[in-house]
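I have placed the structure first, in the form of structure tokens, so that the comments after it can refer back to it.
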Amino acid sequence: MKLLALLHACFCAAVAASPDGDSEVSAEPGDVVLLPCYSAGSAAPSLTSWTGPGLGAAGGLRSSDPPGERISVLRDGSLSITWVSAADEGVYFCNSSLAGNVTFHGRVLLHVTPGLRNVSVSVTPPSALLNGTFVTTRGSSVTFNCSGSWAHSHRLTWRFRGSRSDDQLLSNSSSPWLAFTIAAVQAGDQGVYTCSCRSAASRRTVESGAELLVYYAPDRHPECTWAPALDSSHVQFNCSWFGAYPAPTLQWEDGRGVLASAEADSLSVTLNRSQLASGQTVRCSAHHAAAEREASCSFTLKLPYPSGDPLSTAVEGTNVTLTCTESTSTPPASTTWRRGLQREEVLPGAKYILSLEGPALRLTIVNLTKDDEGVYFCRSENPLGFQEQEVYLTVKKSSAVTGAVIGVFIAALIVGVAVVVAKTAYASRHRICLGAGFGQMDDHGDVLSLVESDEDELFQDSVPRLPPLANGSSTTLVQIHRIPSSDHEEAAATSPRQPEDTAVTEEPADLVTL
């Protein structure tokens, strides 16, 4: 890089107040240098002549001479030398004629130094891209080194400019080389690092820089999500992996092939029902140069499976709640209630109340009537398909009416049983009284005493037992005597008691067979 060595104000030595002045100028090979003669006043000299080693065989040059190819005298009396070389080094003398017959004498010492040959920058251990940019990963260690070759004293300086900061001074030294190390590189260390070298003799500065890119990737896995499409048979799968530099390579695949791929922070793919199946795995993988291993996330697709009580019974006039739960499908299913064989969708309103509690969808039917009885369907659908859970609702009459009916039936049953028992007992009264009460008398004969008299006088007589009937039941011969009161009194007064057979012959006997 060729620079103008010094401007007039920079390279001119201060001119003494005396008529004569000395100055010193330094330059490097290839520079353009100005040697000042008179600069004390503003008036330009009328004539200036120069002598010195670089002026050729003639050894001198005047301002009135035409400009040469490399050396010329300017209007202000300065000597301009382009493409300075080592042969131009030495002492130059000048004479300037000023107004009032005043002559100014000056002396300029020109130093031609070897100068700064080169400045080299190295960065270790990062690798370099094709364009020369250095690349490292976050957390690694990086060392920057700057060195060069020169003949005179110099000063090395490292500076940094990032995307969010101005130039920052990192380090400086007067040694032949300058290095510094970043122990754990972070994202903020990405930027341009510049090493500058300034010559103390010529005050010339050369620079060399290196751009550093810091790659990094997040420690977490990509995030896989899904979003429903307008058509229930389609689904959109989204994969995102934010926080990586540069952008990662994301890829969707389903085991049969690659569905989509891109270098981006997020990637979406839309699939229809024909591309999906229960048990199928859809996977998103993320690749990055700063990641130690591949990161991925996936979905295992599942059909919905609603569950609930298939039978429900309620009383007319009350409320009933039907519950359906679906929590196994992937992607999550949309669940609705439908009624009847036509599967009309149940919409919320005054009659039907729908409530969602986690995976459970509840249908509350208010003020049940017989018309509400029938089949209901819990339908769960996701992009893979749909499944239904059938629930049959039975509506019974009110419990008050049912109780009254049961009460009347029991009362009627009790009355009927009582009537039958009473009728049966009445029809068999003689069997109950005689057969059960006197069936276990002595074998000598049963004695039955029947009295029909004004007085309590007992007549006893043995009653012959009749032969048993065919069914094995025993029979008893009952004789009933009727004695009038007057006859009884006469008989008691005139004679003793008659034999039993006389009594039997007087009055006919009634035969009762039990």
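Scan region 255-347 for trypsin sites (Lys or Arg not before Pro) in coil per DSSP, keeping those whose Cβ has at most 15 other Cβ atoms within 10 Å, and list them by number.
ARG256, ARG293, ARG343
Evaluate E = 1/(1 + (r/R0)^6) for LYS351 and ARG273, where r is the Cβ-Cβ distance and R0 equals 25 Å; express this FRET efficiency to the nearest 0.05.
Efficiency computed from Cβ-Cβ geometry: 0.15.
Where the centre of each part is set by its Cα atoms, how far does region 239-257 sit from region 66-83, in angstrom?
68
Report the FRET efficiency, 1/(1 + (r/R0)^6), for SER140 and ASP265, where r is their Cβ-Cβ distance and R0 is 25 Å, rounded to 0.05.
Using R0 = 25 Å, I get an efficiency of 0.60.
Averaged per residue, what accessible surface does region 205-304 expose to a 1.4 Å probe, in Å²?
In whole numbers, region 205-304 has 52 Å² accessible per residue.
Tell me the per residue accessible area of region 40-112 using a 1.4 Å probe; a whole number in Å² is fine.
About 55 Å² of surface per residue is accessible.
Scan around ALA260 for amide H atoms under 5 Å from its own, H built in the peptide plane at 1.01 Å from N, and keep only partners 5 or more places away or cross-chain.
TRP252
The values are calculated or read from the model by the stated rules, or taken from the named source; none is laboratory data. Keep in mind the model is a prediction, meaning the values are calculated, not measured. Positions of Cβ are backbone-derived with ideal geometry, glycine not excepted, and every protein chain shown enters the neighbour counts. We work out accessible area using only protein heavy atoms, side chains counted, and drop any ligands, DNA or RNA first. Shrake-Rupley method; radii C 1.70, N 1.55, O 1.52, S 1.80 Å.
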